[in-house]
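See below for the structure under consideration.
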Amino acid sequence: MFVNAAVVLAALVASVAIIWYFFAPRKAARAGREGEVQTARIVVKGGYTPQVVDVEAGTPVRLRFDRQEDGECSSHVVFSDLGIDRTLPAFETTDVEFTPSKPGDLPYACGMNMLHGMVHVLPKGAKGNG
Amino acid sequence: MSQVRNQTATPTGNGDSANVPAAADPDAERKREIKTLERRLIVAAVLTVPVFVFAMFGMWLKAFVPMGVIGFFTNPWVELVFVTPVMFYSGWPIHRTGWLALVHRAPEMNSLVALGTAASYVYSLVVTAAPGILPPSAREPYYESVGTIITLMLLGQLFEAHARLGTGESIRALVNLTPKRAHVERGGRQLDIDAGQVEVGDIVVIRPGEQLPVDGEVIDGSSSIDESMITGESMPVTKAKGDMVTGATINGNGTLRYRATKVGRDTVLAQIIKLVRTAQTSKAPIQKLADRISGYFVPGVILIAIWTFVIWWLLGPAPQGLYGLVSAVAVLVIACPCALGIATPLSVTISTGKAARFGVLIRSAEALQTARGVDTVVLDKTGTITRGTPELTDVSWAGDSADAGETSGSSDDASRNAMLSLIAGAEQASEHPLAQAIVKGVRQRGLEAPKADSFEAVPGGGVAAKVDGRDVLVGNNGLMDDRHVDMKASDDVETTAGDYARQGKTPILVAIDGTLVAVLAVADTVKPDSAKAIAALRERGLQVVMLTGDNETTAKAMADQVGVDRVIAGVRPERKAAEIVRLQNEGHMVGMVGDGINDAPALAAADVGFAIGTGTDVAIESSDITLVSGSLTGLVTAIDLSRAAMRNIKQNLGFAFGYNGIGIPIAAGILYPLWHIMLNPMIAGAAMAFSSLSVVLNANRLRGFDPKAVRPRRFAFKPRERHVELGEAEGTAAPGKPVGASSDASDTNNHNAKAKEGTTMDMNMNAGASTVKDPVCGMMIDPKTAAASLEHDGQTYYFCSQGCADNFAADPAKYLG
């Protein structure tokens, strides 16, 4: 009986932990400044790190994708809202540049749409949460 | 060690994505990827098959195989040796991606497989090394499951990689159309250069059978050209001086010289490649939904697996732990949504690539999806249903009755042909569009146009010329009056001219040696396949609406000719978008077909905007879908393909989610209490691989799409009554009463309208409400296609050509009566 209770308890704890792990809000990285350009370095290795980047609307953005792996999946990065499909050569850094015109979310994904990242476009002058 | 590649892109995707090297690069990487996948798959298959066969069918093989062999292969330690390389070498990409994704808190299908196989492997390891800690009935290893799942997973990935390479092929097929060599004339010498080096303004020489290197305008020669690779139209097109030609098309038997107007990335072909590429990476709204679902899917499945174990532990038969674990692993493995990731993109890439081969350029996956839901198609009349350029349609000789037209007795034919030649000779020197239409029409009748001895253009009247020693006058009433033409037959002629005007045609009078001899009519003509395409659209259950600026009578005549359901007449160009919104408010999903440049607001207002491209002038940017051939049959193809693609995507999503939806409860053991049925993890793995395979095979069916073989599914041929209505524009004129040439309704007051009626070209007064009259030459034109417009006294006037506009600007009062 004690074992049963322990199993149920363990399952409950595991469930809460999983829900928290996958759905807790993610900390966004704020893009740095290089002169006029907001720059963020994103490591591509089985996913995008940092996964969420905050940028400001109206200023050019340069995302430097540092791809530290080969293989099919992450070989492209696709910003479908911007119509950008960029090949990321393995073990190289590839820049993607654009200028977000208005605040909102710009999700991006790998060519197979399995890895996901997000660019939060904040209103001009806004403070990021990271 | 990373080297930096500086590539930039603009938000609109105008970057370098269209260039050719970028196309070769990812394919090379994909091919390498396929090679490694194949190697891993072979290792996995070779090692898994013996373990699998003896574990599953060992007892049935007793008759054929010595007992020692079976015993060897079912020994847990031997199985461990066989399966470990499969787990760690073959399964490496799956585990790496899967666990990394979990670390990134963005789990995906590989995470599920990684979890599932790891659970099976560790459990089997315990069985092998320390069977004593498990109950006797649970001492069965699951190595064969590990091997089978990984093998099938790799097989699915290999199928996917091949499929993706295949869709890259549709781009490659287009890239391969890019011409390689060009002969150009520079500095009086003919050079053989690389097609990429041709510059704007170069004179390109094309010999029979050669491919045209760049876009341009013919300056010399004539030939029939096969444009099927660009327009999808199989009939070759005859090109002569002044015609535009497109790069990548293939010359027939003639020789051409043409001036390059667009080279490199500006050519129609380069734009098509860029467009298809962008479309293929775009996401259909239906896929955004699938993405959102899969984000919740993985955590959900892990939760289900945990609670499956708990329920088995609490309620299941002994050994609870084993049953629980097996079921939990089965849930993890069968839930793998691998097919989901490719269900939509695969169909989208195949169908947009396919569409491009039929001259239908789909701008985004969203357009592809929306086109399917369209239930009302609005066709702009000018340039869409009709050719949009004036042509000589009728010749009526003085003395004949109006309807007899050209069908009179053959005895007169010779003299009439001679007169037509004279008319063409007189008009030949004029740059006016009406004159050019007449010359072209006469030439098409196989007649020559002799050179005029003298020629005088009469602004606002027509031409006066001396040809073969005879005085030829071609023009309007005013010109005939001015030159004191004998109007003996004028009653007759005026009736005919009035009839033409009522049909929306521009009547032109001809006098030879001071006697009125004929009335010609010049009008826009219907494209040959418009009626057929409209019938095909109606067959597909679509309501076809024609939008025109013509008055109701003229519009009705056109509607009868082409067979549309509904006509909205008297619509001013600037009101077209409002008419689209009005139809949308009636609850329709509206597709608008118009010419890309002038109908831009209406195209944007419609749910799906279809632009008619005219081969060389592809207005790709202004619409969702571009019909390169300019023929309405392209619209039918677009709609058919959209329907086929969306049907395919839904089937794919059905396959992807269906396996999971049915598989998860069975894997969790929902059937156990009733029938004692459980899902072996291995069967779960097979089911999962099969779902990938079904999706890939199903999507590939789209490759076989043939517009000619489409049988409309809906035969709901609702016999709609032909219905003519007036557009809801402010200040719409009553039928038969011309509105002034004003483009702005607020400017139109009765006074101005009256003033217009007093102009010299009274014959045209019955023509369309928003078709306006060129005040100089009297030609009926559509303001949106007007070559020029001028403001005068707060009114806007439209002109058929710059020449007429210049004449007007010089002395407006002369033409406003």
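Would you pick out the residues in region A:48-91 that are among the hydroxyl-bearing types (Ser, Thr, Tyr) and within 23 Å of B:Leu102 (Cα to Cα)? Those that are among the hydroxyl-bearing types (Ser, Thr, Tyr) and within 23 Å of B:Leu102 (Cα to Cα): A:Tyr48, A:Thr49, A:Ser74, A:Ser75.
Kindly establish whether B:Ser629 is open to solvent by 10 Å² or more (accessible area, probe 1.4 Å), at pLDDT 75 or above and either closer than 19 Å to B:Ala356 by Cα or assigned to a helix (DSSP H, G or I) (or both).
yes
Cβ-Cβ contacts under 6 Å between residues 6 or more apart (or on different chains), taken from a first residue in region B:28-47 that is at the interface with chain A (Cβ under 10 Å from one of its Cβ atoms) to a second residue that is not in a helix (DSSP H, G or I), are listed as B:Glu33/A:Glu72. Taken over region B:351-370, residues that are open to solvent by 10 Å² or more (accessible area, probe 1.4 Å) and among the hydrophobic types (A, V, I, L, M, F, W, C) amount to 1. Just one of (1) more than 7 Å from chain B (Cβ to nearest Cβ); (2) over 14 Å from the mean Cα position of the chain (by Cα); (3) touching a residue at least 12 places away in the same chain (Cβ under 8 Å) fails for A:Trp20. It is (3).
Among the residues of region B:571-597, the ones that are touching a Pro at 6+ places or on another chain (Cβ under 8 Å), at pLDDT 80 or above and not hydrophobic (A, V, I, L, M, F, W, C) come to 1 in all.
Annotation: A:Cys73 fulfils all but one of (1) in contact with a Lys or Arg (Cβ under 6 Å, 6 or more places away or on another chain); (2) modelled with pLDDT under 80; the unmet one is (1). Test A:Ala40 against the stated conditions and say whether it is more than 10 Å from every other protein chain (Cβ to nearest Cβ) and either at pLDDT 85 or above or touching a Lys or Arg at 6+ places or on another chain (Cβ under 8 Å) (or both). Criteria met by A:Ala40. Does region B:567-574 include one or more residues that are open to solvent by 10 Å² or more (accessible area, probe 1.4 Å), touching a strand residue (DSSP E or B) at 6+ places or on another chain (Cβ under 8 Å) and under 15 Å from B:Gly504 (Cα atoms)? The answer is no; no qualifying residue exists.
Do you know which residues across region A:24-57 are part of a strand (DSSP E or B), acidic (Asp, Glu) and surrounded by fewer than 18 Cβ atoms within 10 Å (Cβ to Cβ)?
Let us first name the residues in region A:24-57 that are part of a strand (DSSP E or B), namely A:29-30, A:32-34, A:37-44, A:48-49, A:52-56.
Cutting the leftovers down to acidic (Asp, Glu) gives us A:34, A:54, A:56.
Within region A:24-57, A:Glu34 is the sole residue that qualifies.
Looking only at residues in region A:58-97 that are assigned to a loop (DSSP other than H, G, I, E, B), within 19 Å of A:Glu36 (Cα to Cα) and open to solvent by 10 Å² or more (accessible area, probe 1.4 Å), the one that is farthest from the other protein chains (Cβ to nearest Cβ) is A:Gly58.
Does region B:60-104 hold any residues that are open to solvent by 90 Å² or more (accessible area, probe 1.4 Å), within 14 Å of another protein chain (Cβ to nearest Cβ) and in contact (Cβ under 8 Å) with a residue 12 or more places away in the chain, and which are they? Scanning region B:60-104 gives B:Trp92, B:Trp99.
The values are calculated or read from the model by the stated rules, or taken from the named source; none is laboratory data. Values in this document were obtained by computation on a predicted structure and should not be read as measured data. Because the Cβ atoms are built from the backbone with ideal geometry, glycine has one as well, and the counts that use them run over all protein chains shown. Only protein heavy atoms, including side chains, enter the accessible area calculation; ligands, DNA and RNA are left aside. Shrake-Rupley method; radii C 1.70, N 1.55, O 1.52, S 1.80 Å.
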